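Down below is the structure, laid out as structure tokens.
Read-outs: derived from the displayed coordinates by stated rules, not from any lab. This structure is a prediction, so every number in the text was calculated from the model and none was measured. Cβ placement follows ideal geometry from the backbone for every residue including glycine, while neighbour counts extend to all protein chains displayed.
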């Protein structure tokens, strides 16, 4: 038996107070998510039906469904991932595993940080100039997805680089001492241990890509186009732009419609991410260190 | 082996996307004016049943956006709520495009007021003093109007962003060519936004297309001169040109339209197409009888 001194108990009280305070602050973070989700479910839920998910918009986009926008967003996200993930992961591997600490590497790092800070509407203008006009892709899925890919590259690069660097250096040294080359080490040891972090980057990218409106507005998304895209050179409708136009530009839209679109958009991102999330959980459970 | 498999999957998906690039249907690119965008959408929607081989892709963004796209050659039909300026036509020509103008309807530009605003009519000179640079009118009491719920009776002047055709046309028709807008106006990015803001702001005055009218706002009766009889905005008064701020709505093509684009434009100008624009709250090009 020993009693706490006055000093100790004061410190303990202070710690308890801090703990509760920080816990409340963390709890506050959940609040917006809860409010958004319940509002969407409450207000948008009644709009969801089979016809809404798999029909074309009708009667001046005030009725009917959102299928072309839904399919369009899947195309945009898929094509953007196709470009940004290989490019971003390769760049991150170079920066983390090969690059020497010199002015060139520092310049690249600075460029990545700056790229992340560029507003999305500026990316949109860049996309119009570079992909729509100069490379002559026209307003198309390809141009829009490339714009989105460039915009989200920093996310993939930073997430991948962080997760590569989280793999203990001793793993690499052990591998090299067995006579493995740098590339063999990266492929067999570093990458498999970093996959879960890379997937986090991909999740962030999917969410951002699906939700962005400005970069696709002038590069590939249409206000109205009730046909499914057939190739990357087609234009398409997209959920984010559809949500924007029915809430700001189309008169006579029933209240529950925009909320329904938002609900489907969030659900879609969640479903697209659930694959990565499941894989991440699997990897975490099987992690050996 | 994860990386190899990923690469394979990526290449396959890429090949599938790219190989499907042969198109069976004709895509008509239609972009521009926010005033026209909902009519353009209605036309595109109705045209699906007229010619299923044609897909019309409609985008908004403002008349300026449509004209820029025409100049860059990325659009088949540019919607505008103002005529192209000579400077823009010259620029288009220098880039090898040949803009051809088609009038597809008329729009009454309505001055919207809050429903508690007791004002019935406004004259063009009064509007010029409200919207024009160095204009004297900044307070509703200067017009002997008192709005319940409007603090200080100070006007909230709502305008549009400067690449909007409504912005350009209103300046032309109300302020005159040389005069600029007053500083400190609220510049909204869509026709619908203007009406929504006016709906919720007792002090507000704003202009937007007739098609965006709701039962919650008041439409001002417009007189050409102080003391002259005023005319209410409507499809009829826009059509007979008695309403002072009615404007033509255009579609521009690159050269005389041919093929599917010509068919589409002809259908827009037919009675069927013109009944659609009328139903949306705009005046048709010719008198049509619609059911």
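For segment A:6-47, the normalised intensity computed at q = 0.24, 0.26, 0.29, 0.33 Å⁻¹ comes to -0.77, -0.81, -0.88, -0.96 (log10 of I(q)/I(0), Debye sum over alpha carbons, equal scatterers, no solvent).
Working ranking of peptides A:191-204, B:138-151, A:25-38 by packing, defined as the average number of other Cβ atoms within 10 Å per residue, highest first, is A:191-204, B:138-151, A:25-38.
Among A:224-237, B:232-245, how do they line up from the highest to the lowest mean number of other beta-carbon atoms within 10 Å? Walk me through the numbers before you get to the answer.
Details: A:224-237: 23.4, B:232-245: 19.0.
With the highest mean Cβ count within 10 Å placed first, the list reads A:224-237, B:232-245.
Distance from the alpha carbon centroid of segment A:154-194 to that of segment B:224-291 works out to 66 angstrom. Taking the inverse of the mean reciprocal distance over all distinct Cα pairs, the Kirkwood hydrodynamic radius of chain B comes to 20.8 Å. Computed from the C-beta positions of residue A:115 and residue B:139 and an R0 of 45 Å, the FRET efficiency is 0.40 to the nearest 0.05.
Between residue B:286 and residue B:85, the C-beta separation translates, for a Förster distance of 35 Å, into a calculated FRET efficiency of about 0.80.
Shielding by partners for peptide A:215-227, expressed as the average number of C-beta atoms from other protein chains within 10 Å of each residue's C-beta, is 6. If you take the Cα centroid of segment B:143-178 and the Cα centroid of segment A:53-67, the two points sit 35 Å apart.
Would you work out the relative contact order for chain B, in percent, from Cα pairs under 8 angstrom that are 6 or more residues apart? Kindly include the intermediate steps, with their values, before the conclusion.
On the way: 582 pairs, mean separation 71.2, N = 291.
Relative contact order here is 24 percent.
Quick one: Debye curve from the C-alpha atoms of segment A:50-285, no solvent, what's log10 I(q)/I(0) at q = 0.10 Å⁻¹? Log-scaled intensity ratios, in q order: -0.54.
Helix A:239-248 and the longest principal axis of the Cα set of chain A meet at an angle near 60°. Would you mind calculating the relative contact order of chain A from Cα pairs under 8 angstrom and at least 6 residues apart, reporting the percent as a whole number? 27 percent. Label positions at residue A:19 and residue A:255, each projected 7 Å from the Cα along the C-beta direction, are separated by 4.5 nm.
Across A:110, A:148, A:87, mean-square fluctuation computed from a Gaussian network of chain A (C-alpha pairs under 10 Å connected) peaks at A:110.
Under 37 °C and 0.692 mPa s, how fast does segment B:107-246 diffuse according to Stokes-Einstein, given a Kirkwood radius computed over C-alpha pairs? Answer in µm²/s, whole number.
Roughly 222 µm²/s, to the nearest whole number.
Sorting the segments A:164-177, B:205-218, B:183-196 by their mean number of nearby beta carbons within 10 angstrom, highest to lowest, gives B:205-218, B:183-196, A:164-177.
With a/c under 1.5 counting as rounded, go ahead and sort the protein assembly as shown into rounded, prolate or oblate using the C-alpha gyration tensor (a ≥ b ≥ c being the square roots of the eigenvalues; past the cut-off, prolate if a/b is larger than b/c, else oblate).
Details: a/c = 2.30, a/b = 1.58, b/c = 1.46.
Prolate.
Inside 10 Å of the C-beta atoms of B:56-64, what's the mean count of C-beta atoms belonging to other chains?
Values: counts 5, 13, 8, 12, 10, 3, 0, 0, 0.
So the per-residue partner count for this stretch is 6.
Each of residue A:174 and residue A:162 was given a label point 7 Å from its Cα along the Cα-to-Cβ line. The distance between the two points is 2.6 nm. Against the longest principal axis of chain A, how steep is helix A:103-117, in degrees 0 to 90 to the nearest 10, with axes from Cα atoms? So the helix axis and the longest Cα principal axis differ by about 50 degrees. One Cα centroid belongs to segment A:74-147, the other to segment A:28-44; the line between them spans 32 Å. Axis angle, to the nearest 10 degrees, between helix B:259-269 and the longest C-alpha principal axis of chain B: 30 degrees.
Rounded to the nearest 0.05, what FRET efficiency do residue A:181 and residue A:136 have when you use their Cβ-Cβ distance and R0 = 35 Å? So the FRET efficiency works out to roughly 0.25.
For peptide B:184-194, what's the mean number of Cβ atoms from other chains within 10 Å of each residue's Cβ?
On the way: counts 0, 0, 0, 0, 1, 2, 5, 3, 8, 2, 0.
Neighbouring Cβ atoms belonging to other protein chains average 2 per residue here.
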